[in-house]
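Down below is the structure, laid out as structure tokens.
Here, each number is a calculation from the coordinates, and none is a lab measurement. Not measured: the values here are computed from a predicted model. Because the Cβ atoms are built from the backbone with ideal geometry, glycine has one as well, and the counts that use them run over all protein chains shown.
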Ligand SMILES: [Zn+2]
């Protein structure tokens, strides 16, 4: 590579995918600050997940970084994973997986909350849309993370669409990011717009993932999430990263650097 040309890291930084501080560029830009720098305002972040474990596996490193930076992070689980073991009753599984979620949130310094739908039977209708809008309005988030709805799991589809619908109905009042889980098997057609360096948070994220003992965390981590965070890291020029799709507010559409 010629010295006079910016290297790959420079390009990433110039593109707004900064490697220092929180790298979710639009948040910093919205606050009138340079991209990729921590900001003074205490943010409220809500991360929607269909099942206990989805927020932790999909973006636990990023959420740990937010909480470490002093921001308030709430994991809003749409279900309690009731249907995940046919040998157990829904009540037994809900209790076990709620406990696992609480343990994971303790590790990441996030707050668990439960939306009240049922695993394997989630619903996207007028009533549920009104409920998610009411809940998010009461939490008043600056940023919402939710699952990318192009996904093989119907509960993930519903979770993504609940977040998207609330964002549209709130007149795009908060920033909206989508995250991925088990890409290739569940998440599909995921083309990231933003990356967050989670290299320093891999151990913490792994501990949170391994709180989900009912979910075969060793194989899930080794087969999917370890390779994925390293692959996203390669794309971002760091050891490990999480990737997101950001939906631009309307007033950012049609803008490109230098024009
Ligand atoms: Zn899930």
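Give the order of 186, 242, 92 when sorted by the count of other beta carbons within 10 angstrom, beginning with the fewest.
92, 186, 242
Put a dot 7 Å past each Cα toward the Cβ at residue 111 and residue 150; how far apart are the dots in nm?
3.5
Please give the contour-minus-distance gain from residue 168 to residue 85: 0.36 nm per residue of separation, less the Cα-Cα distance, rounded to one decimal in nm.
Working: separation 83, 0.36 × 83 = 29.88 nm, distance 3.53 nm.
Contour length minus the Cα-Cα distance gives 26.3 nm.
For 155, 197, which order do you get if you count the other beta carbons within 10 Å of each Cβ and list the fewest first?
Going from least to most buried by this count: 155, 197.
Highest first, please rank the peptides 126-132, 96-102 by the mean number of other Cβ atoms sitting within 10 Å of their residues.
Numbers: 126-132: 14.9, 96-102: 20.1.
My ranking of the peptides, most packed first, is 96-102, 126-132.
Under the 0.36 nm per residue contour assumption, what length would be gained going from the current alpha-carbon distance of residue 125 and residue 138 to full extension? Spell out each step's value before the answer.
Working: separation 13, 0.36 × 13 = 4.68 nm, distance 2.00 nm.
Full-extension gain reported as 2.7 nm.
Return 209, 188, 63, 161 ranked ascending by Cβ neighbour count within 10 Å, so the fewest neighbours appear first.
Ordered from fewest to most neighbouring Cβ atoms within 10 Å, 209, 188, 63, 161 come out as 188, 161, 209, 63.
Pull out a ≥ b ≥ c, the square roots of the eigenvalues of the alpha-carbon gyration tensor of segment 168-254, then state rounded if a/c is under 1.5, prolate if not and a/b is larger than b/c, and oblate in the remaining case.
On the way: a/c = 2.14, a/b = 1.74, b/c = 1.22.
Prolate shape, in that a/c is at least 1.5 and a/b is the bigger ratio.
Under the classification rounded if a/c is under 1.5, otherwise prolate if a/b is larger than b/c and oblate if not, where does segment 42-249 fall, given a ≥ b ≥ c as square roots of the Cα gyration tensor eigenvalues?
rounded
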